[in-house]
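J.: Pasting in a structure now, in structure tokens, and then I'll have a few things to ask.
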Amino acid sequence: MIAAKTLRLSLKSLRDFAKKRLPDNVVIELDEKDECPLEIVRHMCSPDKLGIQLLFIPEEFGGMGGGAFDVYCICEEMARIDLGVATSVLATFLGSDPITVGATPEQKKLWLSRIADEGLLFAYGATEPEAGSDLGALRTTADRVMQDGRIVGYKINGNKQWISNGGVADAYSVLANTPAGPSWFVVEKGAKGFTHDEPEDKHGIRLSNTAALAFNDVYVDADRLLGGVEGQGLNQAQAVFGYTRLMVAAFGLGAGWAALDRAIPYSTKRIQAGAPLSEKQGYTHKLIVPHVARLEAARAYIEETAERIDAGAEGSLNTEGAIAKYMASEAGNTAAEASIQALGGYGYTHEYMVEKISRDVRITTIYEGTSEIMEMTISRDRWQLHLKTRGQHYHEQARVFEQLHVQHPDVGADTAALSFHALAEVMEKARVGRLTRYQHILLRLGEWIAYVECAGSLARRAAHMAENRLSEKTNRRFDARALAAISRIFAREAALKIAEEGLRWIIGAGGLAATDIASFENTLGLSAIQRAQAGLMADMDYVADVLYNRVAKPATQKAA
Ligand SMILES: Cc1cc2nc3c(=O)[nH]c(=O)nc-3n(C[C@H](O)[C@H](O)[C@H](O)COP(=O)(O)OP(=O)(O)OC[C@H]3O[C@@H](n4cnc5c(N)ncnc54)[C@H](O)[C@@H]3O)c2cc1C
């Protein structure tokens, strides 16, 4: 982990660099030309310049040894600048992951030191034309090359698809099938038989180079097999998902906020019907405030997960990474979409950037596992918990939030608790009716679980903010009172979502007889959840006032 002061300085250097080298007009031009600004990416990754890569390389290999929280903060900032450039930088992080997780000490020293010292750009080659979400279907092969009865190398054959930095990287981590199963190899640029296609013409992140790779009898020495043991590739890829998905979550968060931060000032200047749009509730309460609440709920979850990873949590926090990515990327997309609407006709043009952000952020629900795969991952894991605890897992969570409500009655913990109880009941009804045989129910459960767990995280974060217990590095855009109001807004949304949609799909899948609906509504706490909507308008008014600086500051703050 790096010191809070060092992190602040890194973030400031990044912002200053972007202001100078990537102002809006340059970004718009590069986007139109569909061009990766390689010199800028290299500058960002060079040890004697910005050196962003140093953050995630362990100190023993010449890096700064940043933790998950540090990486989240940097990723959010990069996404605010440009998601394409951010993706190019991320690709080296992803490409080096199989090394960090699975390489031998000698391999780590070689490759991680080269990334730190030479600013080596990596690419991460997992996806194939026929193997996307289902990596198990991969066809690229790595055949042993034998000499005197021992393995001296491998011959790689096959194709990779949609590889970030595919046409510009210096080295590639490549997943290929050995006789003992999928394994990671490092292949250097220029290897005989290794080629890449022209960059893809993409919908968004057009500042990032994405290309297909082809391997035609590409020979690598045996020491390029990461870890030196065949068949570990899928486990190595799984082991870092908690971490890498958190980075993509931070991308969704940063891009979503980047869009809102254009819509908010715009609406203070745009006069319609005699007043700025920012003063119109029908505008702010549809196009701004709900998106702020969802993004901040995702942030709360990202920060909690990052803290757990940095504290050395057991396991890979795969499910938590999936929840963070799912919520932040979906919230980033809807925020960017709403920001186009918020700028009206101007939002629909290139010049105002929100349309570009909206195209860019779309990728966050696709790469590093699509939203549907995230829903499945979340649902399967928490379903096991539901079964193991005989349906009590989320009821127990609900009691934690009932307790929190006693200490902090204003952070929405009571409503979050209602959502946890309702979730437990929906899951139990799904178990009794064997409804997870419908894939749609399984995936919807993933969505509801993500909402409810994020409602819990946000309530806890608001409480910690009130107690001044948050990390020094935490985002402090909102004070404790504003965060509590945001938490209440989101908890109401999560609770209503699980109760109404849960009921809908339990009935829709034939899990409830018409005569039992009223009693199940009761079990779900539907009317309590509806009653908890009281105060929603006032909370949204307050959050809008905070966003538009219409809240009088206490005298001490004013003086400061
Ligand atoms: C710009 C860009 C950059 C990328 N960078 C990289 C990179 O650097 N390295 C790399 O290895 N890969 C990279 N990828 C690939 C990316 O990770 C894959 O595109 C992604 O995993 C989805 O795979 P797919 O495209 O084959 O879609 P598919 O897996 O075919 O999915 C298509 C749709 O079906 C859904 N779906 C899939 N399986 C199921 C299921 N079982 N049940 C229900 N629905 C399902 C998906 O959610 C999706 O909506 C990149 C992709 C893009 C577009």
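J.: Of LYS5/LYS33; LYS325/LYS356; LYS202/LYS269; LYS325/LYS497, which pairs sit farther than 26 Å apart, going by alpha carbon to alpha carbon?
T.: LYS5/LYS33; LYS202/LYS269
J.: So what is the calculated 222 nm ellipticity per residue for the chain, using -39500 (n - 2.57) for each DSSP H run with n of 4 or more, over all residues, to the nearest 500 deg cm²/dmol?
T.: Theoretical 222 nm ellipticity from helices: -19000 deg cm²/dmol.
J.: Same structure again: How much area per residue is accessible in the chain when the probe is 1.4 Å and only protein heavy atoms are counted (Å²)?
T.: The answer is 42 Å² per residue.
J.: A further question follows. Please compute the Kirkwood hydrodynamic radius of the range 149-214 from all pairs of different C-alpha atoms, in Å with one decimal.
T.: Mean inverse Cα-Cα distance, inverted, gives 13.1 Å.
J.: Roughly how many nanometres apart are two label points built 7 Å out from the Cα toward the Cβ at GLN147 and GLU35?
T.: Going from the GLN147 label point to the GLU35 one covers 4.5 nm.
J.: From largest to smallest, what semi-axes in whole angstrom does the range 220-337 give when each is the square root of 5 times an eigenvalue of its alpha carbon gyration tensor?
T.: In descending order, the three semi-axes are 42, 15, 9 Å.
J.: Counting only Cα atoms, I'd like the Rg/Rh figure for the range 1-150, Kirkwood definition for Rh.
T.: Checking Rg against Rh, the ratio lands at 1.04.
J.: On to the next question. Percentage of Cα-Cα pair distances in the range 1-75 greater than 13 Å, rounded to whole percent?
T.: Cα-Cα pairs of the range 1-75 separated by over 13 Å account for 70 percent.
J.: With the contact rule set at Cα under 8 Å and sequence spacing of 6 or more, what percent relative contact order holds for the chain?
T.: Over the chain, the number comes to 12 percent.
J.: How far, in degrees from 0 to 90, does helix 318-342 lean away from the longest principal axis of the Cα atoms of the chain, to the nearest 10?
T.: Value to nearest ten degrees: 70.
J.: Whole-Hz ³J(HN,Hα) for each residue in the range 47-64, computed from phi via Karplus 6.51 cos²θ - 1.76 cosθ + 1.60 with θ = phi - 60°, x for glycine and proline: what do you get?
T.: For the range 47-64, the Karplus-derived couplings read x, 8, 10, 6, x, 4, 4, 4, 4, 9, 8, x, 4, 4, 10, x, x, 9 Hz, x marking Gly and Pro.
J.: Just to be sure I understand: if I project the alpha-carbon convex hull of the range 404-557 onto a plane and average over all orientations, what area do I get in nm²?
T.: 10.7 nm²
J.: OK, next. Just the Cα atoms of the range 391-454, one point each, no solvent: what log10 I(q)/I(0) does Debye give at q = 0.20, 0.29 Å⁻¹?
T.: Each listed q corresponds, in turn, to -0.74, -1.18.
J.: For a Förster distance of 30 Å, can you work out the FRET efficiency between the beta-carbons of LYS280 and HIS203, rounded to the nearest 0.05?
T.: 0.40
J.: Charges only on Cβ, +1 for Lys and Arg, -1 for Asp and Glu: so what's the dipole of the range 425-560 about the Cα centre, in debye to the nearest 20?
T.: Using only the charged Cβ atoms, the result is roughly 440 debye.
J.: Rounded to two decimals, what ratio of Rg to Rh does the range 463-533 give with C-alpha atoms and a Kirkwood Rh?
T.: Rg divided by Rh gives 1.21.
J.: Before anything else, pin down the relative contact order of the range 216-337: Cα pairs under 8 Å, at least 6 apart, normalised by residue count, whole percent.
T.: The normalised contact order for the range 216-337 reaches 44 percent.
J.: Spin-label point model (7 Å from Cα, Cβ direction): what's the ASN549 to SER13 distance in nm?
T.: 3.0 nm
J.: Something else now. Residues of the range 468-482 with the amide nitrogen closer than 17 Å to a label point 7 Å from the Cα of MET1, along Cα-to-Cβ, please.
T.: 468-476
J.: Under the 0.36 nm per residue contour assumption, what length would be gained going from the current alpha-carbon distance of TYR219 and GLU60 to full extension?
T.: 54.2 nm
J.: How much of GLU106 can a 1.4 Å solvent probe reach, expressed as accessible area in Å² and rounded to 10?
T.: Spelled out: GLU106, probe radius 1.4 Å, area about 130 Å².
J.: So for the range 310-426, what percent of the C-alpha to C-alpha distances run longer than 19 Å?
T.: 64 percent
J.: Something else now. Take the alpha carbon atoms of the chain, find their radius of gyration, then divide it by 2.2 N^0.38 Å using N residues; give the quotient.
T.: Cα-based Rg divided by the globular estimate yields 1.00.
J.: Report the calculated FRET efficiency for GLU130 and ARG531 (r = Cβ-Cβ distance, R0 = 60 Å), to the nearest 0.05.
T.: It comes to 0.70.
J.: Percent of accessible area on the chain owned by carbon and sulfur, 1.4 Å probe?
T.: 50 percent
J.: While we're looking at this one, here's another question. Take the Cα atoms of the range 93-173, build their convex hull, and give its volume per residue in Å³.
T.: Each residue corresponds to 124 Å³ of Cα convex hull volume.
J.: Could you pull the accessible area for THR100 with a 1.4 Å probe, rounded to 10 Å²?
T.: 60 Å²
The values are calculated or read from the model by the stated rules, or taken from the named source; none is laboratory data. Not measured: the values here are computed from a predicted model. Heads up, the Cβs are rebuilt from the backbone with ideal geometry, glycines too, and the neighbour counts pull from every protein chain shown. Heads up: the accessible areas ignore ligands, DNA and RNA and are worked out on the full protein's heavy atoms, side chains in. Shrake-Rupley method; radii C 1.70, N 1.55, O 1.52, S 1.80 Å.
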